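Note sheet for the following structure.
The values are calculated or read from the model by the stated rules, or taken from the named source; none is laboratory data. Predicted model only: the values in this text are computed from it and were never measured. No Cβ is skipped: glycine too gets one built from the backbone with ideal geometry, and neighbour counts run over all protein chains shown.
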Amino acid sequence: MSGFLIRAAAVADAQTIAALNLACWRETYAGLLPAETFASLALDERVDHWRGVFGAGAGRVALALDPAGEAVGFSHWREHELILGGRLGRGGEICAIYLRRAAQGQGLGRRLARRAAEEMRASGLKWASLLVLRDNLPARRFYEAMDGRRFGRELFWRGVPQVAYGWRDVDRLAAHQ
């Protein structure tokens, strides 16, 4: 974990994040997404997506750099409203936590999750949630190890089932070691 830097990302990082996004999807989702999905992935579309995220002020993005200054991961979260048990409340949706495979297992994912949770807490948000591919078992184990609890029904992304995880108290996620 030593030597990794996490910093706030900006629109100037859109190209880097887009390339990292695609690389992580290819490493993580091989065998989980249909081949035609991979064939349709385009860097230009991802760059446009990330420029849109920054341009709309749609949450916060953090970029993780290795000791050589190479981008190896990122996270993205945004404010979210959700009906839980009949109550409407504001919380944070973790839209992405991605790491290149070579950077995994070094505590960097936990640092990205904690940073997002701390930013949510500072924004006055009380809870956090996310969606993960149902068959992405390493990611699900990661969120469960961070005390995330599965809730709700399955949804679909690009034709693939997803499940939701959440933290009723964002402080628990922020404090997780």
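Out of Arg134, Arg115, Arg140, one residue alone is within 26 Å of Gly52 (Cβ to Cβ), of a type in the set (D, E, K, R), in contact with a strand residue (DSSP E or B) (Cβ under 9 Å, 6 or more places away or on another chain) and surrounded by 14 or more Cβ atoms within 10 Å (Cβ to Cβ). It is Arg115. Exactly one residue among Gly105, Gly55 is of a type in the set (Gly, Ala, Ser), modelled with pLDDT under 90 and more than 13 Å from the chain's Cα centre (by Cα), and that residue is Gly55. A residue that is hydrophobic (A, V, I, L, M, F, W, C) and in contact with a strand residue (DSSP E or B) (Cβ under 8 Å, 6 or more places away or on another chain) can be found somewhere in region 30-44. When Ala62 is tested against (1) loosely packed, with under 14 Cβ neighbours inside 10 Å; (2) touching a helix residue (DSSP H, G or I) at 6+ places or on another chain (Cβ under 6 Å); (3) not charged (D, E, K, R), exactly one condition is not met: (1). Whether a residue is at pLDDT below 95, among the hydrophobic types (A, V, I, L, M, F, W, C), touching a Phe, Trp or Tyr at 6+ places or on another chain (Cβ under 7 Å) and surrounded by 20 or more Cβ atoms within 10 Å (Cβ to Cβ) was assessed, and Ala128 passes this test. In region 1-119, counting only strands (runs of 3 or more DSSP E) that sit wholly within it, the ones holding 3 or more residues that are touching a residue at least 12 places away in the same chain (Cβ under 8 Å) and small (Gly, Ala, Ser) span 71-84, 87-99. I'd like to know if region 148-164 contains one or more residues that are closer than 16 Å to Arg115 by Cα and basic (Lys, Arg). Looking through region 148-164, none of the residues is closer than 16 Å to Arg115 by Cα and basic (Lys, Arg).
Every residue, every condition in (1) among the aliphatic types (A, V, I, L, M); (2) within 16 Å of Glu79 (Cβ to Cβ); (3) out of contact with any Cys (no Cβ under 7 Å at 6 or more places or on another chain), yes or no:
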site	(1), (2), (3)
Gly124	no, yes, yes
Arg141	no, no, yes
Arg150	no, no, yes
Val163	yes, no, yes
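The one condition from (1) surrounded by fewer than 17 Cβ atoms within 10 Å (Cβ to Cβ); (2) closer than 25 Å to Arg149 by Cα that Ala56 does not meet is (2).
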